[in-house]
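The values are calculated or read from the model by the stated rules, or taken from the named source; none is laboratory data. Since the model is a prediction, treat every value here as computed from it, not as a measurement. Cβ placement follows ideal geometry from the backbone for every residue including glycine, while neighbour counts extend to all protein chains displayed. Side chains included, ligands, DNA and RNA excluded: accessible areas come from the protein's heavy atoms. Shrake-Rupley method; radii C 1.70, N 1.55, O 1.52, S 1.80 Å.
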Amino acid sequence: MVLLHSLEELHAWQRDNAWASRQTGFVPTMGALHEGHASLIRLAAERCELVVVSVLVNPTQFNEQDDFESYPRTLDRDAAFASNAGAHAVFAPSAEELYGGVPSAPCVDWGPLTHAYEGAHRPGHFDGVVAVVDLLFDAVRPSLSVFGEKDLQQVAVVKRLARERHPNLEVVVGALVRDDHGLALSSRNTRLDQEGLVTARRLSRTLHEMQEVCAKGGDVAEALIAGREALDTTPGITLEYLDVVDTQSFEPSRGAQDQGAHVVVAAHVQGVRLIDNAPLRT
Ligand code: PAF
């Protein structure tokens, strides 16, 4: 496994390994790797001869400076972790080199897909995601790229980006990974203490309860009211949104049997922003 710090090092390594003529996989990350990332890297390694993992805390997708600054940065540990999971190279460029100057991201307006839910609560977030993923795809030029289902709206945004700008690239979605208590794995979980972790479990429990109600034919709108009530009345949770959406358009969906209907949630626990989602039809 090699650690590559610049575009020049990446392209030299790719030339040495006949990258262009092989089945190649790419897993973009912001580091602080955990089992969720490992499952994405393993998925890429099963499908590809060579796998690159990128590690870059992308400044343009943060709408709060504090969040950007306090994001965990653990490159040496991440490189060892990625190697154990099956990566052949870790690409960790500086933001300035990748962006070719001061990082900035033009506005992307794909309707609710970029402006509802995550887009509404984190203005400019998807501008930054689209900008960095587009640059990374151009730099790495993989056959396929793997994204985690936990960031469900990001998956839909990246699929649209790939359709429009990288038509030969396959976007593969890796299943959401949970801990033994159902909490969706996230780099941000490391900022929760034991009490915060216990409180955060209420999110996935609520999604599960809604799944059960809807699987028995219960009304989606009523399940949503009960879910919001459960989260609003849990001490320590500040709910941003809980809704049922169509996973391609990210417009609200009220039919439990609708193809692709998912319940999505975002909430703060101990000042940490957490997201989760689950399909309504399991
Ligand atoms: O999901 C993430 O970690 C980031 O949004 C991504 C895709 C690596 C872009 O910075």
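In this simple spin-label approximation, Thr74 and Glu170 carry label points 7 Å from Cα along the Cα→Cβ vector, and these lie 3.1 nm apart. Excluding ligands, DNA and RNA, the accessible surface per residue across region 102-219 is 46 Å² with a 1.4 Å probe.
Using +1 on the beta carbon of Lys and Arg, -1 on that of Asp and Glu, and nothing else charged, what's the dipole of the chain about the Cα centre, debye to 20? Spell out each step's value before the answer.
Details: 24 positive and 39 negative charges, 117 e Å.
It comes to approximately 560 debye.
Using a probe radius of 1.4 angstrom, the carbon and sulfur fraction of the accessible surface of region 233-282 is 49%.
For the options Asp78, Asp109, Asp16, a Gaussian network treatment of the chain with springs between C-alpha atoms closer than 10 Å singles out Asp16 as fluctuating the most. The string of couplings for region 182-192 from the Karplus curve (6.51, -1.76, 1.60, θ = phi - 60°) is x, 5, 5, 5, 8, 4, 6, 4, 5, 8, 9 Hz, one whole number per residue in order, with x for Gly and Pro. Here each label is just a point 7 Å from Cα along the line to Cβ, and for Thr190 and Ser21 those points are 4.0 nm apart. Basic side chains Lys and Arg get +1 at the Cβ, acidic Asp and Glu get -1 at the Cβ, and with that the dipole of region 219-276 about its Cα centre reaches some 200 debye.
GNM on the chain, alpha-carbon springs under 10 angstrom: the most fluctuating residue among Val108, Val198, Val245 is Val198. Kindly report, to the nearest 10 Å², the accessible surface of Leu197 as traced by a 1.4 Å probe over protein heavy atoms only. Ignoring ligands and nucleic acids, Leu197 comes out at about 40 Å².
Taking all protein chains in place and a 1.4 Å probe, what share, in percent, of the accessible surface of region 28-134 do carbon and sulfur account for?
Working: 2250 of 4370 Å².
After summing per-atom areas, the C and S share lands at 52 percent.
Spin-label model, Ala12/Val102: points 7 Å from Cα along the beta carbon direction are separated by 3.1 nm. Comparing mean-square fluctuations of Gly36, Gly217, Gly182 from a GNM of the chain with C-alpha springs under 10 Å, the top value falls on Gly217.
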